[in-house]
Amino acid sequence: MTSKIEGWLASLPEEDVMAELHDLEGQLRELERQVALRREVLAMKRRWAADETSSEVEGPAVDSNGSGPTVGTAVSPDEDPDDGDVKRGKDAVLAVMREAPDRAWSLDAILDAWESRTWIEDREGSRHSLQVAASRMFRRKELKRMRPGVYRLALHMKEGGEQT
C-alpha cells in the first residue's frame with residue numbers, strides 16, 4: 001500500500017527541483033555579490049569622509065622612516081610619465097607608487113591614479129586585480145604593508161630596480 005507521501009515523492013520531478021535549486025543558488029550568489037558591493041560602497045564613503053577631515057588630500061602617508069605623517073605627491077591626470085602606455089598589474093602599481101616612493105599608498109589612492117590616467121574602466125573589477133597584485137608584491141617583498149590596504153614600496157623597488 002502506497003501512502004500519499006510516497007506517491008507524491010515518486011511523482012516529484014527531480015530535474016525540475018534541481019533546476020530550481022540551481023536558479024536559487026545563482027540568485028543567492030548575486031545577492032551576496034550585491035551585499036559585498038554595498039558594504040564596499042559604505043566603506044569607501046567612510047574612508048572618503050575620514051580623508052576629508054584630515055589635512056591630506058590623498059589619504060594617510062608616512063615619511064621614509066615610517067615615523068610620522070607626510071603629504072604624498074599628488075597624481076595629476078595631466079601628467080603621465082609613461083607617455084600614455086596603459087599599464088597593468090604590477091607595472092601599473094609600480095608606475096604610480098614610484099612617483100612618490102616614500103608615500104604609503106592606499107589601494108583607493110592607486111585606483112584613483114589609474115582612473116586619472118584612464119587605465120581602467122571598471123573600478124570594482126580593477127580593485128580585485130589591484131588587491132591580487134599588491135598581495136603578490138607583498139609576498140615577494142616588493143611592497144611593505146603599513147596596515148591592511150595601505151602599502152609602501154620596499155627600498156629596493158623605489159628606483160626601478162627589481163628584487164635581487
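Derivation of every value follows stated rules applied to the coordinates shown; laboratory data play no part. Small disclaimer: the values here were computed from a predicted structure and weren't measured. We place every Cβ from the backbone using ideal geometry, glycine too, and count neighbours over all the protein chains shown.
Summary of computed values
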{"quantity": "Linear extension gain, residue 44 paired with residue 121, 0.36 nm per residue minus alpha-carbon span", "calculated": "25.9 nm"}
{"quantity": "Burial order of peptide ranges 93-102, 119-128 (average beta-carbon count within 10 Å, highest first)", "calculated": "93-102, 119-128"}
{"quantity": "Potential lengthening between residue 35 and residue 10 on full extension [0.36 nm per residue; Cα-Cα distance subtracted]", "calculated": "5.1 nm"}
